[in-house]
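Chemist: This structure is in structure tokens; I'll ask about it shortly.
Please treat every number below as a calculation from the coordinates, not as lab data. For clarity, every value in this text was computed on a predicted model and none was experimentally measured. Glycine gets a Cβ as well: all are built from the backbone with ideal geometry, and neighbour counts include every protein chain shown.
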Amino acid sequence: MGSERHLTLIGAGLAGALLAILLAKQGWRVQVFERRGDPRIDGYAGGRSINLALTERGLDALRRAGTAEQVLSQAVMMRGRMVHPLGEPAHLQRYGRDDSEVIWSISRGDLNLTLINAAEAAGVDILFDHSLESVDFDAGIAVFKTPENPQRRHAFNTLIGCDGAGSTLRAEMEKVAPLGSRTEWLGHGYKELEIPPGFDGDFQIEPNALHIWPRGRYMCIALPNDERTFTVTLFLPNEGEAPSFATVKNGADARALFEREFPDALPLIPRLEADFEHNPVGILGTLYLQRWHLHGRAVLLGDAAHAMVPFHGQGMNCAFEDCVALAAHLPVDVKDFASAFAAFEAERAPNALAIQQMALENYLEMRDHVDDADYQLQRALELELARRYPGQFIPRYSMVSFTRLPYALAQSRGRVQRELLVEATQHIDTLDAVDWDWLDAQIHTRLPPLETR
Ligand code: FAD
Ligand code: E1W
């Protein structure tokens, strides 16, 4: 492809399909190579979690691509987390102030289909069954494996890697120049199970919530699907003392675990044994990368650049924010790709690192703290301060999920706020005892007002 206005994307997953739309809309000719077959012919084969939480950052990117309305029409609203403590009734902890601050559960397969159709409608050329195998960056030749040809050569000007956590493009770039990549495995994995509709055809538990069963070192969650099912995800340590995936090895072990630890969920999952034995254990880790681009020849984004653990529900949302940022650095008359990629990396890398760290922290918070008393008092104070200081004291979860403030800013202000919450609730057990004057002075000096629009 000799044309200067031509871009080659690797991967038509979530980020690749969305980025293709944004770039085509601003005048680029875009070709996308995807390893898997066309989901419209083969059915959707994309593994991993069956549904995903979509929040403001992702939604904003979908609006820019013109697909937000269609995606939301297939989404289920989640107002908060429904916490299921062992031996106590479940209770809803709202995410936001009201129904303007909610998150959305969407099907990965439906979302990918919507984006692929919109990309083609925008003039993007998607080549399915094309798996990137190797790249000669100097010659500008990428080699793909297809069902007909094990070595199909394709000339390119610029490659954009949207090929996910196991990125082949990243591996090829690393053969040419060190990218400083490091993967930290979490040591915990996950297994997906299903809650079907009840006998009446309706949801068996509250549909408008993300359900969490926190159990200290491990947990279960469930997200609603629009066909009235829930996808349950069991997170456990891979090794070590029970329960872990080393001790819970088969369907019978899983049933015993659920009888003891998740007795309210067990009757909802009729195919527990079969799901457990058929579905693989998913692995989780964080990918840190020091360089995201190879001069002006290739750049990485989404999971290929910064895979993270899923406990904040931000991997896709962050990848979509990357797409908007990269498109903004690539006007169709861009002269210097190397500078554009460097500026993109400088903008996004600190924010990717911040959400990677917050996602790791959120695992501890979800599985271990959401049901303890200190936490609940801090949370009650946080909600009260958010009410008293709008645009100034914004809960960290809200900054991450309901605004597009940079993740790094959410993290740094979140640190200050956490300190204030801990200090203000030490040695007290009701909000009546809070020293409001001290807090007011702290907030005015340490949390300058924000513009969130
Ligand atoms: P992917 O979606 O993985 O897409 C990569 C694409 O590249 C795929 O289509 C693949 O087939 C293709 N490809 C790979 N290799 C090649 C090759 N060699 N040649 C050609 N094509 C190739 N995020 C959220 O925002 N909210 C959530 O609630 C959420 N929950 C999650 C739960 C779990 C259990 C997990 C594991 C992740 C979750 N995520 C969530 C994260 C989210 O799934 C990822 O961040 C997101 O899919 C990243 O998008 P991507 O386009 O970078 O990669
Ligand atoms: C969300 C897989 C996943 C996806 C999510 C979330 C969680 C726990 C998990 C974070 C959250 C939506 N979260 N929920 N409640 N508090 N924090 O907000 O996406 Cl495990």
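Chemist: Using the basic label-point model (7 angstrom from Cα toward the beta carbon), what is the residue 208 to residue 346 distance in nanometres?
Modeler: Spacing of the two 7 Å Cα→Cβ label points: 4.6 nm.
Chemist: Just subtract the alpha-carbon distance of residue 389 and residue 121 from 0.36 nm times their residue separation and send over the number in nm, one decimal.
Modeler: Using 0.36 nm per residue and subtracting the Cα-Cα distance, I get 92.0 nm.
Chemist: Right, next: I need the phi-derived Karplus couplings for the stretch 146-156: 6.51 cos²θ - 1.76 cosθ + 1.60, θ = phi - 60°, integer Hz, Gly and Pro marked x.
Modeler: Coupling constants for the stretch 146-156: 10, x, 8, 9, x, 9, 7, 8, 9, 7, 9 Hz.
Chemist: Relative to the longest principal axis of the C-alpha atoms of the chain, give the angle of the C-alpha long axis of helix 407-425, reported between 0 and 90° and rounded to the nearest 10°.
Modeler: Tilt relative to the chain: about 10 degrees.
Chemist: Further, regarding this structure: Let me spell out the model: positive unit charges on the Cβ of Lys and Arg, negative unit charges on the Cβ of Asp and Glu, origin at the Cα centre of the stretch 172-296. What dipole size does that give, in debye rounded to 20?
Modeler: Using Cβ point charges on Lys, Arg, Asp and Glu, the stretch 172-296 gives about 560 debye.
Chemist: If one takes the longest principal axis of the Cα atoms in the chain, at what angle in degrees, from 0 to 90 and to the nearest 10, does the Cα axis of helix 315-329 lie?
Modeler: 40
Chemist: What is the list of residues in the stretch 392-434 whose amide nitrogen lies under 18 Å from a point 7 angstrom out from the Cα of residue 63, following Cα to Cβ?
Modeler: Correct set: 398-407.
Chemist: Multiply the residue separation of residue 271 and residue 451 by 0.36 nm, subtract the distance between their alpha-carbon atoms, and state the gained length in nm to one decimal.
Modeler: 59.9 nm
Chemist: Can I ask one more? For the chain, what is the mean residue ellipticity at 222 nm derived from helices alone (per DSSP H run of n ≥ 4: -39500 (n - 2.57); sum divided by total residues; nearest 500 deg cm²/dmol)?
Modeler: For the chain, the value works out to -11500 deg cm²/dmol.
Chemist: Let me ask something else about it. Over what distance in Å are the Cα centres of the stretch 141-183 and the stretch 99-131 separated?
Modeler: Here the answer is 22 Å between Cα centres.
Chemist: Here is a follow-up. Provide the percentage of antiparallel DSSP beta bridges, counting only those with both residues in the chain; round to the nearest 5.
Modeler: That works out to approximately 75 percent antiparallel.
Chemist: 7 Å from Cα along Cα→Cβ at both residue 259 and residue 97: what's the point-to-point distance in nm?
Modeler: For the pair residue 259/residue 97, the computed spacing is 5.0 nm.
Chemist: How big is the gap, in Å, between the Cα center of the stretch 295-333 and the Cα center of the stretch 48-95?
Modeler: With the stretch 295-333 and the stretch 48-95 each reduced to a Cα centre, they are spaced 21 Å.
Chemist: Starting from the 7 Å offset along Cα-to-Cβ, what nm value, one decimal, do you get for the label separation of residue 199 and residue 86?
Modeler: Calculated label separation equals 3.1 nm.
Chemist: Moving on to the next point. So what's the angle, to the nearest 10 degrees on a 0 to 90 scale, between helix 373-388 and the longest Cα principal axis of the chain?
Modeler: Approximately 70 degrees, to the nearest 10.
Chemist: Going by how many other Cβ atoms sit within 10 Å of their own, how do 277, 261 line up, fewest first?
Modeler: Listing 277, 261 from fewest to most nearby Cβ atoms yields 277, 261.
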